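The structure under discussion appears below in the form of structure tokens.
The values are calculated or read from the model by the stated rules, or taken from the named source; none is laboratory data. Remember, predicted model here, so these are calculated numbers, not experimental data. Glycine also receives a Cβ, built like all others from the backbone with ideal geometry; neighbour counts cover every protein chain displayed. Note: accessible area is taken over every heavy atom of the protein model, side chains too, but ligands, DNA and RNA are not part of it. Shrake-Rupley method; radii C 1.70, N 1.55, O 1.52, S 1.80 Å.
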Amino acid sequence: PTTLDDFEMKKALVAPKAHVDYALYGGGLYPRTVEPLAKAGAIGIKIFNTRHIKEVYPYISELGVLDHGILYELYEATRDMGLVASVHHDDPEWCKRLTFRDYIDKGRTDAMAYHESFSKGYMYGHGMVAGLAASLYYARISGVKLHVLHLGVMPKGANEMIRHAKFDLGQDVSCELELGTLFMNRAQMEKVGPRTYNWAYDPEAGWDAIRDGTADMIVLEHAPHSKDDVEPGWQDLFSVPLGVTGAQEYIPLLMNAVNEGRLTLNDVARLAAEAPARRFGIFPRKGVIQPGADAD
């Protein structure tokens, strides 16, 4: 929801159906709408600094903020309201040119070609790191609280930039890491094909980010589509909706990591509950079990 009317409509749709607490981002598209969205209860402002290289749903091209001047003004407006700017970074023209040159123009469009391009940093890779580089600087000089989406999808150059910003420059930046980029191995990826857009081609970079504090929280993106929507992806994964199912696997995967000694139970509580609640301003009502807090 990028306008107040859209935001109120979304709240009206969700409220009568919800059985658990929820929060909504305001859509970061027009700097002038940030204030009314914040006052209406937006937990943060989400900005798509990206467009799909083939303009494929669900990436709605009109939501892409590629103009860095507008991006900066969105940061200023978000800062003034005390909210966090959560950003999907990219340099889509770089991604588009290289992906078309080495894959699509050569007729290499099947699911395995797509996943190869992902692991090489063409689709959702180096372009995201380049977009992050500019964003980190603009966020720093604007003073906005920046939340980096999709850290796990990016090559580890992103981790280096975020570590420098957080620990050397003292910038107010946080980031989230997808489970799929920690756990989904090549064999699993080849089995599911178009039913995932990412996999763990460099999982140790993710575990390093957790260990050294670069990653603040772990998420599992849930973007389901129908079988009819994604099955054509076996032949052309660049032209179908991208996403991944698996919300039901989130806790089991984390508990398995605890059993394997990669995480402690305290780590899970911090990465899955406490850190998000703190970052988005709802701690200690959420994110902790103590008197006065909601018993989530």
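Filtered by the rule that a residue be closer than 18 Å to residue 197 by Cβ, buried (at least 18 other Cβ atoms within 10 Å of the Cβ) and over 15 Å from the mean Cα position of the chain (by Cα), region 45-71 gives a lone residue, 53. Among the conditions (1) over 22 Å from residue 207 (Cα atoms); (2) modelled with pLDDT under 95, the only one that residue 179 does not satisfy is (1).
Kindly provide the set of residues from region 208-217 that are in contact (Cβ under 8 Å) with a residue 12 or more places away in the chain and open to solvent by 10 Å² or more (accessible area, probe 1.4 Å), ordered by number. I'd like the intermediate steps shown before the answer.
Within region 208-217, the subset in contact (Cβ under 8 Å) with a residue 12 or more places away in the chain is 208-210, 212-217.
Within region 208-217, 208, 210, 212, 213, 216 qualify.
If you check residue 86 against the conditions, is it in contact with a Gly (Cβ under 8 Å, 6 or more places away or on another chain), surrounded by 20 or more Cβ atoms within 10 Å (Cβ to Cβ) and not β-branched (Val, Ile, Thr)? Even if it seems obvious, please write down each step before you answer.
On the way: in contact with a Gly (Cβ under 8 Å, 6 or more places away or on another chain): yes; surrounded by 20 or more Cβ atoms within 10 Å (Cβ to Cβ): yes; not β-branched (Val, Ile, Thr): yes.
Spelling it out, residue 86 is indeed in contact with a Gly (Cβ under 8 Å, 6 or more places away or on another chain), surrounded by 20 or more Cβ atoms within 10 Å (Cβ to Cβ) and not β-branched (Val, Ile, Thr).
Reported count of residues in region 93-128, each being in contact (Cβ under 8 Å) with a residue 40 or more places away in the chain and open to solvent by 10 Å² or more (accessible area, probe 1.4 Å), is 8. Scanning region 245-256 for residues that are open to solvent by less than 20 Å² (accessible area, probe 1.4 Å) and more than 16 Å from residue 206 (Cα to Cα) returns a single hit, 246. Of all residue pairs spaced 6 or more apart or on separate chains, those with beta-carbon atoms under 9 Å, a first member in region 257-277 that is within 18 Å of residue 203 (Cα to Cα) and open to solvent by 30 Å² or more (accessible area, probe 1.4 Å) and a second member that is polar (S, T, N, Q) and not in a loop (DSSP other than H, G, I, E, B) are 262/256.
Can you pull out every residue in region 231-249 that is among the aliphatic types (A, V, I, L, M) and in a helix (DSSP H, G or I)?
First pass over region 231-249, keeping only residues among the aliphatic types (A, V, I, L, M): 237, 240, 242, 244, 247.
Matches in region 231-249: 237, 247.
Set side by side, the residues 246, 213 differ, and just one is over 21 Å from residue 148 (Cβ atoms) and under 21 Å from the mean Cα position of the chain (by Cα), which is 246.
Could you tell me how many of the residues in region 10-23 are open to solvent by 100 Å² or more (accessible area, probe 1.4 Å) and farther than 13 Å from residue 41 by Cα?
To start, the set of residues in region 10-23 that are open to solvent by 100 Å² or more (accessible area, probe 1.4 Å) comprises 16-17, 19-22.
Checking which are farther than 13 Å from residue 41 by Cα leaves us with 16-17, 19-21.
Looking only at that region, the number is 5.
Considering only helices (runs of 4 or more DSSP H) fully contained in region 20-125, which possess at least 3 residues that are more than 30 Å from residue 285 (Cβ to Cβ)?
On the way: elements: 34-39, 68-80, 92-102, 111-119.
Correct list: 68-80, 92-102, 111-119.
So residue 74 passes all but one of these: (1) open to solvent by less than 50 Å² (accessible area, probe 1.4 Å); (2) within 17 Å of the chain's Cα centre (by Cα); (3) closer than 14 Å to residue 135 by Cα. Which condition number does it fail? Unmet condition: (2).
Is it fair to say residue 190 is out of contact with any Phe, Trp or Tyr (no Cβ under 6 Å at 6 or more places or on another chain), closer than 24 Å to residue 111 by Cβ and surrounded by fewer than 21 Cβ atoms within 10 Å (Cβ to Cβ)? Step through it out loud before you land on a result.
Values: out of contact with any Phe, Trp or Tyr (no Cβ under 6 Å at 6 or more places or on another chain): yes; closer than 24 Å to residue 111 by Cβ: yes; surrounded by fewer than 21 Cβ atoms within 10 Å (Cβ to Cβ): yes.
So residue 190 passes the test.
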